[in-house]
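The values are calculated or read from the model by the stated rules, or taken from the named source; none is laboratory data. Quantities reported herein were computed from a predicted structural model and do not represent experimental measurements. No Cβ is skipped: glycine too gets one built from the backbone with ideal geometry, and neighbour counts run over all protein chains shown.
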Amino acid sequence: MSFSELAERPETTPYDRLAALGIVLPPPPTPVANFVTHVAEGRLVFLSGQGPTEPDGSQHTGKVGGDVTVADAYGHARLTGINLIAVMHDALGDLARVKRIVKLLGMVNATPEFTEHPAVMNGCSDLFIDVFGARGVHARSAVGFGSLPGQITVEIEAVIAIED
C-alpha cells in the first residue's frame, strides 16, 4: 500500500501518518517575544508564526535566492510545519481534533529578485496534506520579506478549525 493510500484511509490517524513519515514531534518552540503560541476563538485556533527551529534550538538563517537554495528553504518550511504540528498537539491534546487546516501565511526571507515563494512554502503544505489528508488542504499566501526575526529563512502561521 502506498503512503498516499494510507493517508486517505479513515482509520489512520495523524499520529500514524507522522510515524510513517519517520517524524517524532518535538516540544513546541518557546515564543521569542511577548506572545503565546496559539489563541483559540470558538472553533478556530490561530497559531503564531513559527520558524525553522531544530529540536536543539538552532535555527536556519539566510536569504532565500542568495545563500539559501529553494530546495533547502523547502526543507526549512517542512521543519516549520513540524513545529506548527507540535504546537497543534500541545494546544489540542490530540491531533484528531483538527477538522481542517484553514489557512497558512508563509513569509520567506528572500532577496528582492526572488520569485519562487510558493515552491518554498510547498514544504509546509505538502507536509500538512501528508499528515492530515484531505483535512490538510488549505488556503495559503506565500510572500517575500526583506528580513525575518533572527534572519530565519521562513516563518509560517496557521489558522485551523477544530472538532468539539
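Per-structure values
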| quantity | calculated |
| --- | --- |
| Selected residue [under 18 Å from residue 48 (Cβ atoms), more than 14 Å from the chain's Cα centre (by Cα) and not aromatic (Phe, Trp, Tyr)] from 101, 82, 162 | 162 |
| Residue, farthest from residue 64 (Cα to Cα), within the range 89-122, restricted to residues that are among the charged types (D, E, K, R) and in contact with a strand residue (DSSP E or B) (Cβ under 7 Å, 6 or more places away or on another chain) | 97 |
| Qualifying position, being modelled with pLDDT of 95 or more, more than 22 Å from residue 132 (Cα to Cα), surrounded by 13 or more Cβ atoms within 10 Å (Cβ to Cβ) and not aliphatic (A, V, I, L, M), among 81, 62, 75, 106 | 62 |
| Strands (runs of 3 or more DSSP E) within the range 60-164 that include 1 or more residues touching a helix residue (DSSP H, G or I) at 6+ places or on another chain (Cβ under 9 Å), basic (Lys, Arg) and more than 25 Å from residue 19 (Cα to Cα) | 139-145 |
| Residues satisfying the stated conditions in the range 12-33, i.e. assigned to a helix (DSSP H, G or I), touching a residue at least 24 places away in the same chain (Cβ under 8 Å) and not hydrophobic (A, V, I, L, M, F, W, C) | 14, 15, 17 |
| Residues located in the range 34-53, provided they are exposed (fewer than 14 other Cβ atoms within 10 Å of the Cβ) and in contact (Cβ under 8 Å) with a residue 12 or more places away in the chain | 35, 36, 40, 43 |
| Tally, over the range 54-75, of residues that are closer than 16 Å to residue 121 by Cα and without any contact (Cβ under 8 Å) to a residue 12 or more places away in the chain | 2 |
| Candidate set from the range 10-33 (those that are at pLDDT 95 or above and small (Gly, Ala, Ser)); member that is surrounded by the most Cβ atoms within 10 Å (Cβ to Cβ) | 20 |
| Subset of the range 78-89 [farther than 9 Å from residue 25 by Cα and either among the β-branched types (Val, Ile, Thr) or in contact with a Ser or Thr (Cβ under 7 Å, 6 or more places away or on another chain) (or both)] | 80, 87 |
